Each structure stands twice: as structure tokens, then as C-alpha cells.
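I have placed the structure first, in the form of C-alpha cells, so that the comments after it can refer back to it.
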Amino acid sequence: MSDLPHTPILDRVKTPADMKGLTDQELRTLADELRAETISAVSVTGGHLGAGLGVVEMTVALHAVFDAPKDKIIWDVSHQCYPHKILTGRRDRIRTLRAEGGLSGFTKRSESPYDPFGAAHSSTSISAALGFAVARDLGGEGGDAIAIIGDGSMSAGMAYEAMNNAGHLGKRLIVILNDNEMSIAPPTGAMSSYLSRLYAGEPFQEFKAAAKGAVSLLPEPFREGAKRAKDMLKHMTVGGTLFEELGFSYLGPIDGHDMEQLLSVLRTVKDRADGPILIHAITKKGKGFAPAEAARDKGHATAKFDVVTGEQKKAPSNAPSYTSVFAESLLKHAADDPRICAVTAAMPDGTGLSTFMARYASRCFDVGIAEQHAVTFSAGLAAGGMRPFCALYSTFLQRGYDQVVHDVAIQGLPVRFAIDRAGLVGADGATHAGSFDVAYLANLPGFVVMAAADEAELVRMVATAAAHDDGPIAFRFPRGEGVGVEMPENPEVLEIGKGRMIREGKEVAILSFGTRLQEVTKACEALEAKGITPTVADARFAKPLDRDLILQLAHSHDALITVEEGAVGGFGSHVAQLLADEGVFDHGLKFRSMVLPDIFINQASPKAMYDVAAMNAEHIAAKVLDVLGVATLEKRA
């Protein structure tokens, strides 16, 4: 008997091709090792843990059966892609997840040929997979197209739009519905062995018919769970399932953690499918890691943590987060005004509305991953006499832009948009950056657009929005902690379109919009050592602009610099338009606008991302020196 230590199977898998010679038992062992490696990696990096643990067996089975990258495996949202990355040549870098220069926390085309389609927002996978399938049949790249989409992502209309089109086209397309809503733990006994024999040997149509009846073999607890799953998803049309009415063959529900069952189903589908097929797999988010399974969010997003205890290693907080400040402020207004209600799209915790939901359940609505509906639903609430706050991340509000224009702005409805995660957000990278909301909202007639410079200003802006019934209003605030300023006990309602002076200076004025004001203050401290004392003002509003304040600054200074955490076309562009219209440039004013650069900035710490954007204190100070000019500085010296 050999005394050589056992070599983990995962150590032998550098790419999916290395899995082709493994037995089914070895694939089961590989899944166990992959789960342990995923937990170990995320304990070091932090990130989205629960979703990946829920698809470990599915990931192994997919790569064992299909031939990526020829076959296109497309993960919806791709929170669950860490196991996939480990199996596709990126294990040696998996502990760089979400770090500057490291692996993305999502699938990314530029990172690997095994990531055929980038993602980070939900409900795009079926549309993309259908595009690959049609391209294949038109002579493009060959191979199957497989979309893996969660039950939460199926709440978005885009998924059904794609399925409707796929059913009409009739192309060979595989969709796996990863359903982790159920708390049941499917057994591996009668159903597993029955389905394995069935799927391996019968003609495809008989296989379909038998799979539909296989639920009757289950023990009662799982049978009831499977029935609920089918009721939820299937009994929505008369005379057939929703999916079959859309033109899909429906298989399931199956146990998404049973390797034998997964392999049998996928092999049969690979060999015999001739049109669009949906495989309904029941999985458990956070599977195999007790702290994640026990967590309310099933370990959806974690900081770095201890592998043994699951305890997360979060830095101590010295100031409340902007999100919590918004949530607490909204609660106070809701206590005084029964017309105030709140709407979010599958993000009650992320937007801080979970506390509102606990206290005012009848006035708080989580509409699922359906931002378009969230916006128009809010518009309906406003038209019906309520005062809705539609709380969405900046990057997700983009998904409902047509509704913002058509259903809110054109009708002048007083929907209050609480825009979280404004600016650059860090580890989630470009897909989650709040770069564009100022530009895409401030160009809409009748819209009020505000940005909080600190948490005290955010409280004032919540009060202002609550009191504003004359059309739509939005206020934006960043991710993370505030700056520790004293909070107003009775926040005043701001005068619409009026900014505030922060400090009086000379020669150059800096007009800040949003939380870069802290960096402007640091820049001014550094400039004072050089004998330069800029005037600083906080715009508060990008629309309507404080015309009087801007023109006063322009006429009393040689130069004016605007600073904002947004793309070109936003606050600075509106200021430039005002100055041009007023003929101020004819009198020699030097104007500069500091905005995010015309690139998508990769993940890093927020500070490092703002370094790339050249918008930290040292960059602001350098801009002041540049606009004043060498001659001015030499004369002063």
C-alpha cells in the first residue's frame, strides 16, 4: 500500500479539459474540494459567498459535461461565479478577488475566454445566450449556449422578453433556473436513482414525460416543496406551463446538489435537445458553510471572515453610514406623515429600507429585481396622492431610465429618488459605479437634483424631498461612512436651487457638488501653505442651478473650478452652459470642470479609484495651481 499523500483532485484541474477523464465519484469529490476552496478564498478577500456555494455542484457538472469555452456558459448577475473562476485557470489568482489589479468579482470578457459574457446586473443571461445561439446558427462561433439564472432574476421582465423571443425562434438553447428560494434539502435516494436511470436511457420525449411524474416518488416533505416550486413557476397559464407556453421544454424540479442527477440531466440534454429547454434546479444558497446557511441573507455578501466561526472582520466604525442616515431620517418623516412610503427593487438591506419595512410594513414595497416597475409603481403612488421614496442604487436606476423620463418627468409627478452608491464604490468596480445619474437626470425638465456634501446635508435633503410636491426630486449620496459632522436635530427644508458659501477667499473659486467637498477642504489647507486662499461653495443643487451664486463667484474671481463625482454632461456642464449663456467667458473668466474621466475605472479602493480619476485633494490643489498659472505664482513669490 502506498504511503504517498493523497493529491487533491482540484490540484489536478487547471482547466475544464482536465475534468473530462474524471469519474462521477471523482467529480463529487471535486465539488467538495471546490466548495472548501471557495470558502477559504472569500474568507481572505470578502465578497459574494452564498450564491457561489449554492452552485458548486452545478458548476462542476456543467464544466464536466459541456466544452467551455466553445460552449458558452453564462452566469446571470455572476455573484455565483467564484467556483467557475477556480475551475477555469484562475485558481492561482482567486485570492485577488475584487482587489486592485486582481480578479473581478463578476464574469468579465477581458479576463478570460471562459467568461463569454460580462455581467453584474441581473436578468441579462437568457438574452445573451440567445444571441450566442443565433450567432452560432448564422455561422458564428459554434457550441451550445447555457444561461444560469436565479429565481430572483426571473422577477425582471427582461428574462421573460428573452424567453418569449427564444420560444418563437425555436433555437437550441439551455436555460437553468437556479431556484434557491426553497429551504428544503432534497434527498439523494429514490428520486436520484430513479431519475438517473430514466435520464440515461429513455428517448427524449419519454424522458420529459417521466420527469414530470417523478415528483410522486419523493417523500412527503420534499414532495410538498417540489409542488410549491412547480406551483410558483408553472401554474400561471391555462392549458400548460408558463415556460411551455413560451416555447420551452420544462424539466424539473431536480436536486441541484445531487451530482449524479445533475450529470444525468445535463448529459441527456446535451445529447438530445433540439430546441429551447429550461431545467429547474432546487439549490440552497450558502450550501455547505453553516454560518452562511444560518445567515438571514445566506452569506450573500461578506467582509473577510474567520473560516471556523464565520465571524466577519469589519473595521470599527467612527461615523454612521450614509445609508443608515437616510433610513433613520426617512423613518422620522414617515412617523409624522402617513403619505410617505418607500419602494426598493430587491435591495431592502442595501438601501437601508429593512428598518422602514419592519416598522411600516404596509407602506414599504420590495418589488423584486424590477427597477422599471419600481419607478412606474412609484409614479402611480405619487399620482394617487402618496409621497413615495424610490430608493435605488445609482447603477440600478439606469435600468429604469425610460420610466423616469416617460412616467415620472413628463407627467411632473413628485417621486422622490433616493440614489445610493453615488460616485465610485470600490471593490464592485465599473459595473456598480454611480457615475451617470447627475447627467441623465439633470437634463430632464422639471427635475430637482441634489447631492449631499456630508451626512448632515443628507438629512436636510431627505427633509426637503419629503416636503417637495412640485414635481420629481432626487438626492444622491455615496457608499460608506459619513464624515462625523454634527447632525441637525430639526433639519430645515432647503430652498430649492440655493447653494451655500463655505469659505471666502480670492482669485479662484471652487464650487463643489457632493462629497468631494471634503477633498476640496483638504486641498485648500495645502494651498494655504503656498499663500493661496480659494473661495469654496457647496452647490447642493445641480438642477435648478443657483444662478446668483454661480454668477457672483464668476464675477468676483479670476477662475472658477467645479468638482463633482460624476461623468461629463452633469453639474459642471450645466454650469458651463449658464456661464456661456450669460457671456461671462467674454470677460476672461478661466473655467475648469473636474469630472470622472471618460473611461470605466476598474475595481480598487474608493481612494485608489479617485486617484485614477484625478479627483482627490492633491489633484484639486494641482488644478488650482494650474488654472492660476505659473506667472501668477511667480508674481506672488
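Every number in this text was worked out from the coordinates using simple rules, so none of it is lab data. Quick caveat, the model's predicted, so the values are computed rather than measured. Methodologically, a virtual Cβ is constructed for each residue, glycine included, from the backbone with ideal geometry; neighbour enumeration extends over all protein chains shown.
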### Whole-number Å³ per residue for the convex hull built on Cα positions in the stretch 492-609
126
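Distance cut-off 22 Å, Cα to Cα: go down the list K506/K590; K85/K313; K171/K270; K70/K298; K70/K108; K14/K313 and report the pairs above it. Intermediate values should be presented prior to the final figure.
Numbers: K506/K590 14 Å; K85/K313 24 Å; K171/K270 14 Å; K70/K298 33 Å; K70/K108 16 Å; K14/K313 31 Å.
Long pairs (Cα-Cα over 22 Å): K85/K313; K70/K298; K14/K313.
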### Query
Per the Kirkwood definition applied to all pairs of different Cα atoms, how many angstroms is the hydrodynamic radius of the chain?
26.8
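Placing unit charges on C-beta atoms (Lys and Arg positive, Asp and Glu negative, everything else neutral), compute the dipole magnitude of the chain about its Cα centre in debye, rounded to 20. Can you show the working numbers first?
Numbers: 64 positive and 79 negative charges, 136 e Å.
I would put it at about 660 debye.
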### Task
Would you be so kind as to identify which of Y393, N443, H406 lies farthest towards the positive end of the dipole of the stretch 314-449, taking Lys and Arg as +1 and Asp and Glu as -1 on Cβ and the Cα centre as origin?
Y393
### Task
Obtain the radius of gyration and the Kirkwood radius of the stretch 410-511 from its C-alpha atoms and give Rg over Rh.
0.99
### Task
Quote the charge dipole size of the stretch 521-637 about the Cα centre in Debye, to the nearest 20; the model charges only the Cβ of Lys and Arg (+1) and of Asp and Glu (-1).
180
### Task
Within 10 Å, count the other beta carbons around each residue, average over each peptide in 452-462, 53-63, 31-41, and list them highest first.
53-63, 452-462, 31-41
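If you restrict to DSSP beta bridges whose two residues both lie in the chain, what percentage is antiparallel, to the nearest 5? Walk me through the numbers on the way to the answer.
On the way: 9 of 65 bridges.
Taking every DSSP beta bridge within the chain, about 15 percent pair in antiparallel fashion.
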### Message
Please list 3J(HN,Hα) in residue order for the stretch 57-70, calculated via the Karplus relation 6.51 cos²θ - 1.76 cosθ + 1.60 where θ = phi - 60°; whole Hz, with x for glycine and proline.
### Response
4, 5, 5, 4, 5, 4, 6, 6, 8, 8, 10, 5, x, 4
### Query
Which aspartates and glutamates have a Cα less than 16 Å from the Cα of K530, not counting those fewer than 8 places away in the same chain?
E507, E618, D626, E634
#### Entry: Under the Karplus curve 6.51 cos²θ - 1.76 cosθ + 1.60, θ = phi - 60°, whole-Hz ³J(HN,Hα) for the stretch 370-383, x wherever Gly or Pro sits
8, 5, 4, 5, 4, 5, 6, 4, 4, 4, x, 4, 5, 5
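Given a Förster distance of 41 angstrom, what is the FRET efficiency for H6 paired with D306, based on the Cβ-Cβ distance and rounded to 0.05?
0.95
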### Query
Per residue, how much space in cubic angstrom lies within the convex hull of the C-alpha atoms of the stretch 75-163?
95
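Ranking request for peptides 153-165, 322-334: highest mean number of other beta-carbon atoms within 10 Å first, then the rest in descending order. Before the final figure, lay out each step's value.
Details: 153-165: 19.2, 322-334: 21.2.
Top to bottom by mean Cβ count within 10 Å: 322-334, 153-165.
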### Query
When you take every Cα atom in the stretch 322-476, what is the radius of gyration, and what is Dmax, the widest Cα pair distance, in Å?
13.8, 40
### Query
Any idea which of L53, Y360, A529 is furthest toward the positive side of the dipole for the chain, if Lys and Arg beta-carbons carry +1 and Asp and Glu beta-carbons -1?
L53
